[in-house]
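Novice: Before I ask anything, let me first share the structure, which is written out below as C-alpha cells.
The numbers here are math on the coordinates, done by the rules we state, and not lab data. Keep in mind that this is a model prediction, so the values were computed, not measured. Here the Cβ positions follow ideal geometry from the backbone for every residue, glycine too, while neighbour counts run over all protein chains shown.
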Amino acid sequence: MQRFNNKVAFITGAASGIGRATAVRLAEEGASVMLADINEQGLAQTRQLIEDNAGVAATIRLDVSNRAECQQAIAVVVEQFGHLDVLCNIAGIFKSARMTEIEEEDWNRMVAINLNSVFFLSQAAMPHLISSKGNIVNMASTAALVGQIYNAMYCATKGAVVMLSKSMAVEYAKAGVRVNALCPGGVNTPLTANISLPEDADMELFMRMMPLLDIAEADEIAAAIAYLASDEARYVTGTAFAIDGGQTAN
Ligand SMILES: NC(=O)c1ccc[n+]([C@@H]2O[C@H](COP(=O)([O-])OP(=O)(O)OC[C@H]3O[C@@H](n4cnc5c(N)ncnc54)[C@H](O)[C@@H]3O)[C@@H](O)[C@H]2O)c1
C-alpha cells in the first residue's frame, strides 16, 4: 500500500515506541516524514531504520512543551518539504500517583507535554493543513475514556486531548481538515516498562484497567494511526478511536 505518496507527515515522539512505529509505517507507505523528539539519539535510530528501507526522513530536536520551538518546527518542515499533510502528536509521558500525592511540578510537566504540545503544534500546523486538506491524529489513551485509579493526572491530560481534538474537528471540518484522537490501552513500549504503583495499592481496582486481550504492539497502533491519517478515512473526523483489546468494553 502506498497511501502516503507525495505526502509529508510531522511526527512527535518519533524517537521511541508508538511514534517510531508510526514514522516507519508512514514512510513505508510513501510519506516523507519529519521526526520530532527531545531524544536525539532515538531520532537518529528511527531515521536510520527508515533510510535503510529507502524511505525519506529528516529529524528535528523538539521539546514539545515549548510553544516557540513547536512553531519553529512546523516552519522547518514546511520549508524543507514544501507542504504539510499529516500531523501526528504522539509524544507523551506517564506517571501514576495517588491523587492526594501528586506534586505540582509533576502535574504541570504532564499537562505541558501531553496536552499543551497538542495545542501548540496543531495551532501552528493548521494553516498549512488547510492548504493541503490534511489531517491531525492526536495520541490520547483509554485513560481519556474511563477513570483509572492512580491516573488522575494522566486521565486529565488525555481526556483534554480528546476534547481538543473533537473541537478542532468541528471548527475545521468545512475547511477540509480532519482531526482524530486515538485511544490505545496497554502498548508494549518503554513507557509501560516501569509502572510503579503507590504503596498499599488497591489491586482490585487497578486490575480493571487490564484489557481482555494481550498487550498491543506499537506497530498495531501505528496501523490504526496510518488508517486515520490516510484518505481512506475521509469520512472519519472527531472520533476517539479505542484500540484497546476490549478494555473499555468491559
Ligand atoms: N504505551 C502505552 O501503553 C500507551 C497507551 C496509550 C497511550 N499511549 C501514549 O502514546 C504516546 C507514545 O507513548 P509510547 O508508549 O510510545 O512511549 P515512549 O516512551 O516509547 O515514547 C514517548 C516519546 O515521547 C518523547 N517525549 C517525551 N517528552 C518529550 C518532550 N518534552 N518533547 C518531545 N518529545 C518528548 C520521548 O522522548 C519518547 O521518544 C504517549 O502520548 C502515550 O501517552 C501509550
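Novice: Compute the helix-to-body angle for 40-52: its Cα long axis versus the longest principal axis of the chain, expressed 0 to 90° and rounded to tens.
Specialist: 50 degrees
Novice: To the nearest 20 Debye, how big is the dipole of the range 1-87 about its Cα centre, given +1 on the beta carbon of each Lys and Arg and -1 on that of each Asp and Glu?
Specialist: 160 debye
Novice: Would you mind working out the magnitude of the charge dipole of the range 8-249 relative to its Cα centre, with +1 at each Lys and Arg C-beta and -1 at each Asp and Glu C-beta, to the nearest 20 Debye?
Specialist: Magnitude of the dipole: close to 780 debye.
Novice: Separation of the range 41-78 and the range 213-237 by C-alpha centroid, Å?
Specialist: So the two Cα centres are separated by 21 Å.
Novice: How high is the relative contact order of the chain, given as a whole-number percent (alpha carbon pairs under 8 Å, six or more residues apart)?
Specialist: 20 percent
Novice: In the range 8-249, with Lys and Arg counted as +1 and Asp and Glu as -1 at Cβ, which of these residues, Ser96, His128, Ile113, has the Cα nearest the positive end of the dipole, that is, farthest along it?
Specialist: Checked the options; the winner is His128.
Novice: A follow-up question, please. Residue-wise, which Karplus ³J(HN,Hα) couplings in Hz belong to the range 218-232, taking 6.51 cos²θ - 1.76 cosθ + 1.60, θ = phi - 60°, and x for glycine or proline?
Specialist: For the range 218-232, the Karplus-derived couplings read 4, 6, 6, 6, 4, 5, 5, 4, 4, 4, 4, 7, 8, 5, 4 Hz, x marking Gly and Pro.
Novice: A further question on this structure: For the range 131-249, what is Rg from Cα atoms divided by 2.2 N^0.38 Å, rounded to two decimals?
Specialist: Here the answer is 1.15, to two decimals.
Novice: Still on this structure: Can you list the residues, at least 5 places off or on another chain, whose amide H is less than 5 Å from the amide H of Phe241, using H built in the peptide plane?
Specialist: Ala181, Leu182, Cys183
Novice: Please tell me which of these pairs span more than 19 angstrom C-alpha to C-alpha: Lys133/Lys158; Lys95/Lys166; Lys133/Lys174?
Specialist: From the list (Lys133/Lys158; Lys95/Lys166; Lys133/Lys174), the Cα-Cα distance tops 19 Å for Lys133/Lys158; Lys95/Lys166.
Novice: Also: Calculate, axis by axis, the spread of Cα positions in the chain along the three principal axes, and write the results as whole Å, longest axis first.
Specialist: 54, 39, 36
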